[in-house]
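The values are calculated or read from the model by the stated rules, or taken from the named source; none is laboratory data. Because the structure is predicted, anything quoted here is derived from the model rather than measured. Cβ coordinates were reconstructed from backbone atoms using ideal geometry, including for glycine residues, and neighbour counts include every protein chain displayed. Heavy atoms of the whole protein, side chains included, go into the accessibility calculation; ligands, DNA and RNA do not. Shrake-Rupley method; radii C 1.70, N 1.55, O 1.52, S 1.80 Å.
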Amino acid sequence: MSQRTKIKALLEHTETGIEVIVKGWVRTFRNNQFIALNDGSTNNNIQVVVDFENTDEALLKRITTGAAISVKGQLIESLGKGQKVEVKATEIEILGDSDPEKYPLQPKKHSLEFLREIAHLRFRTNTFGAIFRVRNSLAFAVHKFFQERGFVYLHTPVITASDAEGAGETFRVTNFDIANPPRTENGEVDFKQDFFGKATNLTVSGQLEGELGAMALSDIYTFGPTFRAENSNTTRHLAEFWMIEPEMAFYDLDDNMDLAEGLLKYVINYALEQNRDDIEFLTQRLQEEEKSKPQNERSEMSLIDKLQFCLDNDFQRLTYTEAIDILKDSTPNKKKKFQYLIEGWGADLQSEHERYLVEKHFKKPVILTDYPKEIKAFYMRQNEDGKTVRAMDILFPGIGEIVGGSQREERLDKLEQRMNEMGIPTEELWWYLDTRRFGACPHAGFGLGFERLVLFVTGMGNIRDVIPFPRYPKNAEF
């Protein structure tokens, strides 16, 4: 066998006495004899046994933590505990040296804050190895879910002239000389002379363009990066993040909820099946971390139990109005324990309210529907009561909102009226309104923030730890 074999495959090997080639990075080197080698295919290292009496001393000195090496040897049954097989080395080649005095990842526990400062190396730790293998499986499962259901994967633009949410927190895209942009006669920046002939920004959502695809292809989904220039330094916000946004023609709100619940269960189940070792490692990591917390702040369920709980329970569906009644009468509201007290109908629900409904009241994932139109986007279908829209949010334990969606407003007159009320210029979105002019039909869609999903499945506490290179205010390193 002259080909390199990945460590994950070697550890699962049943046949011993064969010659193998294994390559990876040294985690530790003990007694000049035992190398713990890792190549990122699993958190488990393979032990390489070195015949140090017959190995050049200069070579032994170069086997240091972080060094990349290639090993040729026999796969043998392990005499030590903790692994079934190990490699008895016959040849060792140093592929890349690592100065042990300068290498920042020593074999000890490092804080997540410290690892964020060296995000270019943090992949080499067990925690981040596990996180990014789980992230990979979740991304693959998203595509698998939609492809199995006949959806078309649509790439929507990263550069756009529209602000889908109407929130205005966008990153400007320009090729102007920033110090000296061309100006109009009245002194304003003349975007007609810019690269695209108009003001453009990085997208906050692929939804509006996704709807155009659904009006011809029936079922589409997007899965790409989105950007928000929100000056927020919380553990839940990033300036660059990934969104999964399906849009389905001929769907109503119930179909939309069924699809979203089905997607979440499918991808969680896929990760549990494909990455059991990684999720067990992250479960233990979380238990260790929580030992330092007071009892009342610890999770009631382990990470694996929490994931299984989402698979085993039908999501509880209720209207915003019903949720407000529950929250108003709740003990934390009456005893003024909520940071934001629920006075009555029309309140914008905060994360603490969403988590109360999921974790304390229903003890299962919740789908809230029919929100007041005043707190939702212009494109949501208006209900007959004139006060609410056909919106839906899925709330998860520990996270709060993980999915936001709605049945879209397909009636041209109602959509134009709502845009006028909200001051959204109809002439700029003429192309979007065309889908209501030519063969409009009921349709629906939702957005799932991919990092929030990864956060939930890995049990991590900070969204900056589940994306390879986090972008947030005052930080665009690596």
In degrees rounded to 10, the 0-90 angle between helix 253-274 Cα long axis and the longest Cα principal axis of the chain is 0
Given 90-100, 351-361, the highest-first ranking by average Cβ count within 10 Å works out to 351-361, 90-100
Excluding ligands, DNA and RNA, the carbon-plus-sulfur percentage of the accessible area of the chain with a 1.4 Å probe reads 48
Output row, site T16, 7 Å Cα→C-beta label point, backbone N cut-off 15 Å, window the stretch 55-81, residues 74-81
The long-range amide H neighbours of V403, using H built 1.01 Å from N in the peptide plane and a cut-off of under 5 Å, are I394
Along the stretch 320-325, Karplus-curve 3J(HN,Hα) (6.51, -1.76, 1.60; θ = phi - 60°) to the nearest Hz, with x for Gly and Pro, reads 3, 4, 5, 5, 4, 4
Rounded to whole Å², per residue accessible area for the stretch 59-134 with a 1.4 Å probe reads 55
Semi-axes of the stretch 367-467 from the Cα gyration tensor (sqrt of 5 times each eigenvalue, largest first, whole Å) come to 31, 15, 12
Any chymotrypsin sites (Phe, Trp or Tyr not before Pro) in the stretch 404-461 that lie in a DSSP loop and have at most 16 other Cβ atoms within 10 Å would be F438
Output ordering of 47-55, 103-111 (per-residue mean of other Cβ within 10 Å, highest first) is 47-55, 103-111
Under 5 Å from the placed amide H of T28, counting only residues 5+ away or on other chains, we find A36
Here the stretch 415-421 yields Karplus 3J(HN,Hα) values (6.51, -1.76, 1.60; θ = phi - 60°; whole Hz; Gly and Pro given as x) of 5, 5, 4, 5, 5, 4, 4
In degrees, nearest 10, the alpha-carbon axis of helix 207-217 is tilted away from the dominant principal axis of the alpha carbons of the chain by 90
Sequence order, the stretch 96-101: Karplus ³J(HN,Hα) from phi using 6.51 cos²θ - 1.76 cosθ + 1.60, θ = phi - 60°, Hz rounded, Gly and Pro as x, gives x, 6, 9, 6, x, 6
Amide H proximity to R408 below 5 Å, modelled H, separation 5+ or other chain, gives R381, H443, A444, G445
In the structure shown, of K265/K291; K8/K265; K6/K108; K265/K328; K6/K84; K144/K360, the pairs separated by more than 22 angstrom at the C-alpha atoms are K265/K291; K8/K265; K6/K108; K265/K328; K144/K360
Cβ-Cβ cut-off under 13 Å around Y320, Lys and Arg +1, Asp and Glu -1: the net charge is -3
Here, GluC sites (Glu not before Pro) of the stretch 134-202 satisfying both criteria (DSSP loop; at most 12 other Cβ within 10 Å) are E185, E188
Rounded to whole Å², per residue accessible area for the stretch 412-461 with a 1.4 Å probe reads 40
The rounded separation in angstrom of the Cα centers of the stretch 211-276 and the stretch 383-450 is 15
Over the stretch 234-334, with neighbouring protein chains present, the accessible area per residue in Å² at probe 1.4 Å is 49
Relative contact order as a percentage, the chain, C-alpha pairs under 8 Å and 6+ apart, gives 13
Note, I399: beta-carbon cut-off 12 Å, +1 each Lys/Arg, -1 each Asp/Glu, net -1
Per the stretch 312-354, sqrt(5λ) over the Cα gyration tensor eigenvalues, sorted largest first, in Å, gives 19, 12, 10
Counting only DSSP loop positions in the stretch 178-264, the chymotrypsin sites (Phe, Trp or Tyr not before Pro) whose Cβ has at most 14 other Cβ atoms within 10 Å are F195, F196, F250
Cross-link reach from K198 to lysines, straight Cα distance under 23 Å and at least 8 residues apart if same chain, gives none
